[in-house]
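Taken together, the values in this text are just the output of simple stated rules run on the coordinates, not laboratory data. Keep in mind that this is a model prediction, so the values were computed, not measured. FYI the Cβ positions are ideal-geometry reconstructions off the backbone, even for glycines, and counts take in every protein chain you see.
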Amino acid sequence: PRALTDCLLPARIAKPLSGMIAAKKLPHLLFSGPPGAGKTTVARILIDACDIQALTFNASKDRGIAIVRDTVTTFAHTSSMWGMEKAVFFDEADYMTKDTQAALRNLIEAASDNCSFIFTANQPEKLIDPILSRCISLSFRLAPSEQIEMKQSMVKRCERILRENDACASSEELSNLVDRHFPDMRKTINQLQCEFGY
């Protein structure tokens, strides 16, 4: 997906994110939920749609306190040379060490006039409370009332992908595929390619 409207999201997530894009300004954000639910994709879409100068880290690799001391602090406290809003994006933030999180705690508050922080996490309980309390938290874990609609949307998306790639499968086959991998859209699409050869 290149735009928020391309993402399969329940209204409780899509609506506030649309408002942020319209305002072209992001608060501190935490996206949590299972793998493949769209957390990273949505974060990147927001950064692009809001014309934000971003510093991005995969926290499963860049997880030590030196990242905060040597790179993030300078970036967060300096103005963009292009006059853009700024953000630091920590993907897979639940892999950050406790020392790294502690170093970020004060920086998030001190730099908030100049820079937003975006975190994604499969297990948000691994983040310290001071980070959680500074962020607007959106859970990508679907409530039971959202699951039926999202499954139907995933089947329709699979049908569209196959149609665009001159491939086909029955509705029953696609429903079974979605049921097997739900709510992981990334894995569903990978398996769609594998099983139906588009």
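A few points about this structure:
- A cut-off of 5 Å between modelled amide H atoms, ignoring neighbours fewer than 5 places along the same chain, links residue 116 with 86, 87, 88.
- Taking the three principal axes of the alpha carbon atoms in the range 67-107, the coordinate ranges are 33, 18, 15 Å, sorted in descending order.
- Size of the range 1-104 as Cα extents on the principal axes (Å, biggest first): 38, 35, 19
- Annotation: the antiparallel percentage among DSSP beta bridges lying fully within the chain is about 0.
- Given +1 at the Cβ of Lys and Arg, -1 at the Cβ of Asp and Glu and no other charges, the dipole of the chain around its Cα centre is 260 debye to the nearest 20.
- At most 13 other Cβ within 10 Å, DSSP loop - trypsin sites (Lys or Arg not before Pro), the range 116-179: 141
- A Förster radius of 35 Å combined with the Cβ-Cβ distance from residue 171 to residue 2 puts the calculated FRET efficiency at roughly 0.85.
- Using the Cβ-Cβ distance between residue 11 and residue 60 with R0 set to 22 Å, the FRET efficiency works out to roughly 0.10.
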